[in-house]
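Everything on this sheet refers to the single structure shown next.
Values quoted throughout were computed directly from the atomic coordinates according to the rules given, and no laboratory measurement underlies them. None of the values given here were measured: they were computed from a predicted structure. When we count neighbours, we look across all protein chains shown, and the Cβ atoms used for this are built from the backbone with ideal geometry, even at glycine.
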Amino acid sequence: MKMSVGNMYNYFSSKEELAKFAIKYSTNILAIELREVNNMNISSKEKIYVFVRKYLENVQKSPEIIEYFLRVYLSNREVFKQGCEGFLCVGEFVTEVMILLDEGAQKKEFREQEFFPAFGMLMGCLGGFAFLSGENVLDKDLLAYSDAVADNIYRALKYEQ
Amino acid sequence: MNSKQKPTVVWFQAITCNGNTHSLLSANASRLELFFDSFNLIYHPSLTIEKTLDDILTQNEKIDFLLIEGAITSNEKFFSISNDSTFNLLNKLSSKSKYIIAVGSCASNGGMHAKFTQNDDIYGISDSINEQTINKLEHSIINLTGCPVHPEWILQTLFTLKNYGKMQLDEQKRPKELYSTLAHHGCTRNEYFEWKVEGAFGEKEGCLFYDQGCRGPMTHSSCNKILWNDISSKTRVGMPCIGCTESDFPRENMLETKKNIGIPQDVPIGISKRAYLSITGIAKTFKIDRLNKKLMD
């Protein structure tokens with residue numbers, strides 16, 4: 001960043017404050033992208049496919065953003081327990097996931113279920129693939145898996161007659 | 001008491017459970033006394049004896065205030081009074097009236113009876129009175145929705161019209177001074193709503209919006225400001241608001257909140273779902289111990 005460590009304290013009062021800002025910054029990138037997808041005039045199934053592709057493109061283009069979320073935010077909860085607990089720092093992204101799920105269920109594209117199992121499945125699937133990419137264990141290019149990942153997510157959510 | 005100087009009131013009952021009559025009789029005693037001192041109730045099928053409905057229909061004098069309780073049908077096989085349909089009787093009475101007031105949700109919108117699948121000819125009064133008659137009225141038809149309507153709303157409407165001759169109405173012809181706020185306003189459970197603490201039917205604690213189907217934040221009504229029996233309301237005693245003043249009443253499954261993947265389908269009036277969900281996510285993050293405890297052990 002071409003900046004001394006001490007200079008950071010001119011902008012953030014503590015390491016914790018810097019960590020909180022960083023997590024808000026990284027999740028808001030995803031929130032803005034998902035909001036754009038939510039506002040598209042396409043089916044909820046297509047929204048999942050579009051968003052998964054955008055997400056994986058982010059993982060490929062800016063791996064540090066997703067890595068930060070996975071390796072810092074989720075693994076170091078004590079850093080975030082004051083002022084960043086619960087959904088406080090990731091609220092905008094969670095809201096967009098709620099909108100995606102709510103609209104899909106209203107249109108009967110998605111089946112009825114509780115929110116947290118659906119949310120956990122979606123996030124687990126996306127996070128898991130970012131992890132695999134970060135560990136360089138994937139056989140193919142990351143984006144080659146996009147439709148297959150989206151298909152798995154859609155199958156877990158889709159409405160059953 | 002000079003009854004000739006008092007405005008006349010006729011209360012016509014169509015297809016009804018009599019709930020609004022019961023409501024009127026439950027009015028604050030001094031207010032009801034003032035009503036009888038100020039108006040001349042010349043006909044009510046359960047309360048007056050001097051005149052019959054036929055007397056009212058054949059009299060030459062105009063009716064100052066015609067109040068209708070119940071839904072209307074032209075189908076005599078389904079419902080008739082003195083071998084005539086409620087549709088015909090309503091139109092005959094309306095042509096003699098200066099002001100017409102629908103008392104309750106059935107008279108306003110058809111209510112429960114309009115859901116009856118074996119007769120699709122059941123309506124509120126606005127869809128039943130012929131247009132020429134409506135055009136000759138001194139005031140638009142007034143809808144006092146509610147199941148039942150609060151007695152004070154009836155009295156306040158009559159006194160306002162008696163003294164000022166007109167009332168401001170909303171797009172559903174309800175008086176704005178009674179229906180411009182929501183049932184949510186004045187609800188004693190608002191703090192639970194703010195912090196998203198769920199409640200259960202009949203209990204003192206918790207908000208009834210999340211699981212119990214409460215429609216308070218999307219129902220135009222002053223029943224948490226003008227209290228029943230001057231002391232209470234449905235939500236105050238743990239009964240969710242069932243939205244009885246809105247035109248979609250009665251809805252199905254009224255005692256449960258319709259949700260999609262755990263997210264309420266309907267959110268408070270005028271608030272976007274995105275805004276509502278953002279606030280909800282933040283509020284749910286904090287667990288307020290005081291609000292999660294019983295008020296009395």
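One Cα centroid belongs to region A:116-161, the other to region B:69-138; the line between them spans 59 Å. When the Cα gyration tensor is reduced to axis lengths a ≥ b ≥ c, the ratio a/c is 1.5 or higher for region B:23-75, and with a/b not above b/c it is classed as oblate.
Shielding by partners for peptide B:270-283, expressed as the average number of C-beta atoms from other protein chains within 10 Å of each residue's C-beta, is 4. Region B:1-74: which trypsin sites (Lys or Arg not before Pro) are DSSP loop and have at most 16 other beta-carbon atoms within 10 angstrom? For trypsin sites (Lys or Arg not before Pro) across region B:1-74 that sit outside H, G, I, E and B with at most 16 neighbouring Cβ atoms in 10 Å, the list reads B:Lys51, B:Lys62. Taking one quarter of the surface of the convex hull spanned by the alpha-carbon atoms of chain B gives a direction-averaged projected area of 17.9 nm². Helices that extend 27 Å or more along their long axis by alpha-carbon positions and average at least -1.0 on the Kyte-Doolittle scale are, among the DSSP H runs of chain A, A:15-38, A:115-134.
Considering the protein assembly as shown, its Cα convex hull presents a mean projected area of 30.7 nm².
Going by average Cβ neighbours within 10 Å, how do the peptides B:65-73, A:4-12 rank, with the highest at the top?
B:65-73, A:4-12
Which of the GluC sites (Glu not before Pro) found in region B:219-297 are in a DSSP loop and have at most 11 neighbouring Cβ atoms, other than their own, within 10 Å?
Those satisfying the criteria are B:Glu252, B:Glu256.
Proximity of backbone amide H atoms, modeled 1.01 Å from N, is registered between B:Leu41 and B:Val9 at under 5 Å, excluding neighbours fewer than 5 places apart on the same chain.
Charge tally for B:Asn224 (other residues, Cβ to Cβ under 11 Å; Lys, Arg +1; Asp, Glu -1): +4. Lysines near B:Lys293 by alpha-carbon distance under 28 Å, same-chain residues fewer than 8 away left out - which ones? Partners within reach: A:Lys81, B:Lys196, B:Lys204, B:Lys225, B:Lys234, B:Lys258, B:Lys259, B:Lys284.
Annotation: the residues B:Ser94, B:Ser82, sorted from fewest to most other C-beta atoms within 10 Å of their own C-beta, follow the order B:Ser82, B:Ser94.
The shape of region A:14-157 can be summarised by an equivalent ellipsoid whose semi-axes, obtained from the alpha carbon gyration tensor, come to 25, 19, 13 Å from longest to shortest.
The calculated FRET efficiency for A:Leu138 paired with B:Lys294, based on their beta-carbon distance and R0 = 51 Å, is about 0.45. Each part gets one Cα centre, and for region B:217-296 versus region B:163-181 those centres are 24 Å apart. Taking a ≥ b ≥ c as the square roots of the eigenvalues of the alpha-carbon gyration tensor, region B:196-297 is classed oblate because a/c is 1.5 or more while a/b is no larger than b/c.
What does the C-alpha gyration tensor say about the overall shape of region B:3-177? Classify as rounded when a/c is under 1.5, otherwise prolate if a/b is larger than b/c, or oblate. Numbers along the way, then the final one.
Values: a/c = 1.39, a/b = 1.26, b/c = 1.11.
Rounded.
Extension gain for the segment B:Ser140 to B:Lys62, taken as residue separation times 0.36 nm less the Cα-Cα distance, is 26.4 nm to one decimal. Neighbouring Cβ atoms from other chains, within 10 Å of the Cβ of residues in A:84-91, number 4 on average. Under 19 Å from a label point 7 Å along Cα→Cβ of A:Arg53: give me every residue in region A:11-34 with its amide N that close. The answer is A:30-34, whose backbone nitrogens lie closer than 19 Å to the label point.
Take each residue in B:257-269, count the other chain C-beta atoms within 10 Å of its C-beta, and the mean is 5. Each residue in B:His150, B:His185 was given a count of other beta-carbon atoms within 10 angstrom of its own, and listing them fewest first yields B:His185, B:His150. Of B:Asp37, B:Asp289, B:Asp64, the sequence from fewest to most neighbouring Cβ atoms within 10 angstrom is B:Asp289, B:Asp37, B:Asp64.
Taking Cα atoms only, the orientation of helix B:29-38 departs from the longest principal axis of chain B by about 30 degrees.
Can you check what the Kirkwood hydrodynamic radius comes to for region B:86-157, Cα pairs only, in Å to one decimal?
Details: mean 1/r = 0.0783 Å⁻¹.
After inverting the pairwise mean of 1/r, the radius is 12.8 Å.
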